[in-house]
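Data block below; observations after.
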Amino acid sequence: MENALTRFRWIGVIMLLGMGSVHAESRSTCDPWAAKMDSVQGTVEVRLANQSDWHAVKLDEVFCPGDSIRVGAKSRAGVILINNTLLRLDENSVITLTKLSKTTPSLLDLLKGIAHFISRVPRSLKVQTPYVNAAIEGTEFVVAVGDDKTTVTVFEGKVLTDNAQGAIHITPGETSVTNKGEAPHKVLLAKPRNVVQWALYFPPVFAHAQGNIQQAQELLSVGRVDEATKLLTNETGPQADALQSIIAVVNNEPANALQLAQASVKAAPQLAASHIALSYAWQANLDLDNALASAQQAVKVEADNALAWARVAELQLSTGKLDAALHAASEATRLNPNLSRTQSILGYAHLVHSDIDDAMTAFNKAILLDQADPLPHLGLGLALIRRNHLAEGRRQIEIAASLDPNNAIIRSYLGKAYYEEKRSPLDADQFAMAKQLDPNDPTPYYYDAIRKQSQNDPAGALQDLNQSIANNDNRAVYRSSLQLDQDEAARQASVASIYRDLHFNDVAQSEAYDSLNTDFSNASA
């Protein structure tokens, strides 16, 4: 499922930055530990090996081989295994850390529920389920265990699914279904990425709400989209329309999102949430000016609404209004320092001003306040990379990808991090994934062109760069005109370099002149 929200959410901030980890106290019960809790939403419990009682877990708690983890209803959890595999668990899931090792293949039992895996080490993990086993080969995939079958869907790499009745390999875009007592077989899903809809992130629009509206927003915060939608169908009025608009944005239905948000504003012009929802809808429809105007209107009607101020700051960052963004972000945190969104935006405001220590402090606070929000993890990753801690920064961006698997923007920057680490073909896989998730974003085409040029593929690089230039106007949704011009100039200079590699010197010179005309101050031009 293409995620329209990823088309505009953070790139205006991110491209201003260079490329964060949370350092919290952890309680170790074994040496070495087998897994660590990375995010907790709702009810998440552990049962220690050889014990019968379950107890609640907390962020950064560590686990040993033989421990079991279960996730309750309307809950989610993120786990980092010792072999650096990232694991996200849906509600009503149960796993046992059967055999976890950093240097030898590991074994994990998924007894029921759904798990999303990101692993970059070939043959590092085997997942056992009641009906089939899945052996990974450096990949990203989802395993779902139902009452009488197991489904495995691959997004990247390759997985071997096998049981006593047979075995098959599945590759990106393929799904294996294994019914009880039968051999695994392949099926074709119309939208394979819908299998991770439960893991997507929905931005909040209500700082305070009541009744079904509050319940629906809470359901969205843990990925229960169908349940939230069902609850909202019994509601009428501007608050329900505002939430329905956000759902439409995330589901890549911009026209429907705009219609719902406009109806919400018309019915309740003094409700900040209506204007906040409208700002997201305008962005989904590629209209940044109206998006910012809507966010500013939210502040006018509710001057003490911290979410509204954070939204204004986010859009001002996206348009290059850095000082104004810092002021708005500071006002948001003054009004409510206990909202993850206000701390995240404050972190980005500090980061674009090169106040990295303050930025990391804000990002860490944001993660503690909302452990499922990918935005502060992405910010921490960028901050760490700015400080030349590439591996740690890349790890944070991987965590962000685990927290919002269908986010094209995160995929582009994860690919860039892999490229900087010289980890081929992981970089190419992420760029391809980002292009599929959002074909209108120029970012993955631009970075993939750089990758291809560095691998002596100037023809392929030229094709991607031309597509990036063609898509460049789409960046107006989250970048200012000046930054657009600078981006276009950099891309034209890159085109000139590629034409030179192709020995088309006259064309290269022409492209270089075009780049200078676009932005005379551009050094590469």
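So the values come out like this:
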{"item": "Neighbour net charge for Lys149 - beta-carbon separation under 12 angstrom, K R +1, D E -1", "result": "-1"}
{"item": "Estimated inter-spin distance, Ala255 and Asn338, nm [label 7 Å along Cα→Cβ]", "result": "4.4 nm"}
{"item": "Extended-chain gain in nm, criterion 0.36 nm per residue less alpha-carbon gap, Asn50 and Ala190", "result": "46.1 nm"}
{"item": "Net lengthening on full extension, Gln165/Glu227 (0.36 nm per residue, minus Cα-Cα)", "result": "18.6 nm"}
{"item": "Helix-only [θ]222 nm of the chain, DSSP H runs n ≥ 4, -39500 (n - 2.57) each, per residue, nearest 500", "result": "-14500 deg cm²/dmol"}
{"item": "Extended-chain gain in nm, criterion 0.36 nm per residue less alpha-carbon gap, Thr236 and Asp60", "result": "59.2 nm"}
{"item": "Percent carbon-and-sulfur accessible area, the chain, ignoring ligands, DNA and RNA, probe 1.4 Å", "result": "48 percent"}
{"item": "By accessible area with a 1.4 Å probe, ligands and nucleic acids excluded, highest first: order of Met360, Met433", "result": "Met360, Met433"}
{"item": "Long-range Cα-Cα pairs in region 154-194 (distance over 14 Å), rounded percent", "result": "44 percent"}
{"item": "Region 405-460: radius of gyration over Cα atoms, expressed as a fraction of 2.2 N^0.38 Å", "result": "1.01"}
{"item": "Cα centroid of region 26-78 to Cα centroid of region 391-435, whole Å", "result": "27 Å"}
{"item": "Debye-sum result for region 334-450 in log10 I(q)/I(0), which assumes one identical scatterer on each alpha carbon, at q = 0.09, 0.13, 0.21 Å⁻¹", "result": "-0.24, -0.49, -1.10"}
{"item": "Cα centroid of region 232-272 to Cα centroid of region 300-317, whole Å", "result": "18 Å"}
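The values are calculated or read from the model by the stated rules, or taken from the named source; none is laboratory data. Here the structure is a predicted model, which means the values were calculated and not measured. Neighbour counts run over all protein chains shown; Cβ positions are idealised from the backbone, glycine included. Only protein heavy atoms, including side chains, enter the accessible area calculation; ligands, DNA and RNA are left aside. Shrake-Rupley method; radii C 1.70, N 1.55, O 1.52, S 1.80 Å.
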